[in-house]
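Report on the following structure.
The values are calculated or read from the model by the stated rules, or taken from the named source; none is laboratory data. Predicted, not measured: the structure shown is a model, and the values here were computed from it. Please note: Cβ atoms are built from the backbone with ideal geometry, for glycine as well, and neighbour counts cover all protein chains shown.
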Amino acid sequence: MIGAEKQTYENITVERDGELDSIVRVTMNRPKKRNALSLSHMEDLIHAFTQVESDRSVQAVILAGNGPAFCAGHDLKEMLGRDHEFYRRTFDVCTELMTKVQAIPQPVIAEVHSIATAAGCQLAATCDLVVAAEEAKFATPGVRIGLFCSTPMVALSRAVGQKKSMEMLLTGEFVGAEEAGRIGLANRVVPADRLRSTTRELARKISEASRMVVGIGKLAFYRQHEMPTSEAYAYTGEVMSHNATLADAQEGMGAFLEKRQPGWQNR
């Protein structure tokens with residue numbers, strides 16, 4: 001369980017919210033490297049999200065960055081002059097990280113205070129929700145250094161659509177926070193002094209629902225997203241039918257009809 005035995009990481013910190021124990025805050029903590037994603041950094045994040053996944057008391061996760069950047073992408077110093085095997089491992093671990101973020105039942109909210117570039121933009125786009133400060137910027141600038149942001153394009157194109165994602169990938173230009181909100185890359189854009197409180201309030205709101213039901217919905221969302229419409233309806237109809245039989249669904253419907261607050265059992 002998170003917090004039962006304090007896990008120490010080299011590249012990140014993990015802590016419970018001071019007032020809401022159901023929220024976990026994961027902070028990338030390589031400020032001098034602008035939170036660049038080295039192999040060990042990504043492995044720390046995968047381990048932390050795996051720990052969260054198995055902790056039934058956690059209902060939401062906030063992913064933040066310490067220092068001048070949210071995340072500046074892959075660690076280029078680590079990548080320079082390596083062989084194909086190293087690059088393949090790097091991008092495989094990156095894919096494992098992105099997959100893990102969307103696979104855990106708890107919603108993950110990116111709290112983006114500054115720049116999120118390349119794999120850092122990918123990481124933000126992969127998170128279930130994004131709250132951005134007005135100063136935040138997003139970009140996939142790999143084309144400018146000869147390394148096209150091919151893996152970041154997967155998350156980016158699914159978040160903002162074909163034309164805008166292609167523009168970002170081909171030009172490498174920054175997208176400001178307001179535009180990120182308009183194109184669907186950010187859910188909320190707020191002044192910097194309200195960033196943490198806004199993100200926390202969003203996590204708190206999520207935590208009011210049944211953890212089990214939220215987890216079912218998150219999994220179903222990503223599974224149906226790439227299905228043809230008829231297949232998606234068949235799949236989600238089955239998901240809802242199963243969901244309706246659960247104790248929390250029966251409790252929630254009953255509480256609504258009786259005009260009272262539900263008592264979730266997470267089963």
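Among the residues of this structure, Ala180 counts as one that is of a type outside the set (D, E, K, R) and either buried (at least 18 other Cβ atoms within 10 Å of the Cβ) or in contact with a Pro (Cβ under 7 Å, 6 or more places away or on another chain) (or both). With the condition kept exactly as written, say whether any residue in the stretch 198-210 is in a strand (DSSP E or B) and in contact with a helix residue (DSSP H, G or I) (Cβ under 8 Å, 6 or more places away or on another chain). No, the conditions are met nowhere in the stretch 198-210.
For the stretch 231-267: of the residues being over 19 Å from Ile206 (Cα atoms) and among the aromatic types (Phe, Trp, Tyr), which is surrounded by the most Cβ atoms within 10 Å (Cβ to Cβ)? Out of the qualifying residues, it is Tyr235. Give the number of residues within the stretch 21-55 that are touching a helix residue (DSSP H, G or I) at 6+ places or on another chain (Cβ under 6 Å) and modelled with pLDDT under 95. Number of matching residues: 1.
Determine if the stretch 237-257 includes at least one residue that is touching a Gly at 6+ places or on another chain (Cβ under 7 Å) and farther than 24 Å from Glu53 by Cα. Looking for residues that are touching a Gly at 6+ places or on another chain (Cβ under 7 Å) and farther than 24 Å from Glu53 by Cα, one finds at least one in the stretch 237-257, hence yes. In the stretch 16-25 there is no residue matching the filter, namely being of a type in the set (S, T, N, Q), exposed (fewer than 15 other Cβ atoms within 10 Å of the Cβ) and closer than 20 Å to Gln102 by Cα.
Given the condition buried (at least 16 other Cβ atoms within 10 Å of the Cβ), assigned by TED's automatic domain parsing to the domain that holds Arg188 and within 21 Å of Gly176 (Cα to Cα), answer yes or no: does some residue in the stretch 80-102 qualify? Looking for residues that are buried (at least 16 other Cβ atoms within 10 Å of the Cβ), assigned by TED's automatic domain parsing to the domain that holds Arg188 and within 21 Å of Gly176 (Cα to Cα), one finds none in the stretch 80-102, hence no. Mind telling me which of the residues Val143, Val214, Val154 ends up being assigned to a helix (DSSP H, G or I), of a type in the set (Val, Ile, Thr) and more than 22 Å from Leu97 (Cα to Cα)? Every option except Val143 fails the conditions. Could you check, for the stretch 95-108, whether at least one of its residues is under 18 Å from Thr126 (Cβ atoms), part of a strand (DSSP E or B), modelled with pLDDT of 95 or more and of a type outside the set (D, E, K, R)? Taking every residue of the stretch 95-108 in turn, at least one turns out to be under 18 Å from Thr126 (Cβ atoms), part of a strand (DSSP E or B), modelled with pLDDT of 95 or more and of a type outside the set (D, E, K, R).
In the condition set (1) buried (at least 19 other Cβ atoms within 10 Å of the Cβ); (2) more than 19 Å from the chain's Cα centre (by Cα), Leu185 is compliant with all but (2).
Against the condition in contact with a His (Cβ under 9 Å, 6 or more places away or on another chain) and more than 21 Å from Thr99 (Cβ to Cβ), how does Glu10 come out, does it pass? So Glu10 passes the test. Looking at this structure, is Glu173 assigned by TED's automatic domain parsing to the domain that holds Arg25, surrounded by fewer than 17 Cβ atoms within 10 Å (Cβ to Cβ) and not in a helix (DSSP H, G or I)? Considered against the rule, which asks whether it is assigned by TED's automatic domain parsing to the domain that holds Arg25, surrounded by fewer than 17 Cβ atoms within 10 Å (Cβ to Cβ) and not in a helix (DSSP H, G or I), Glu173 comes out as yes.
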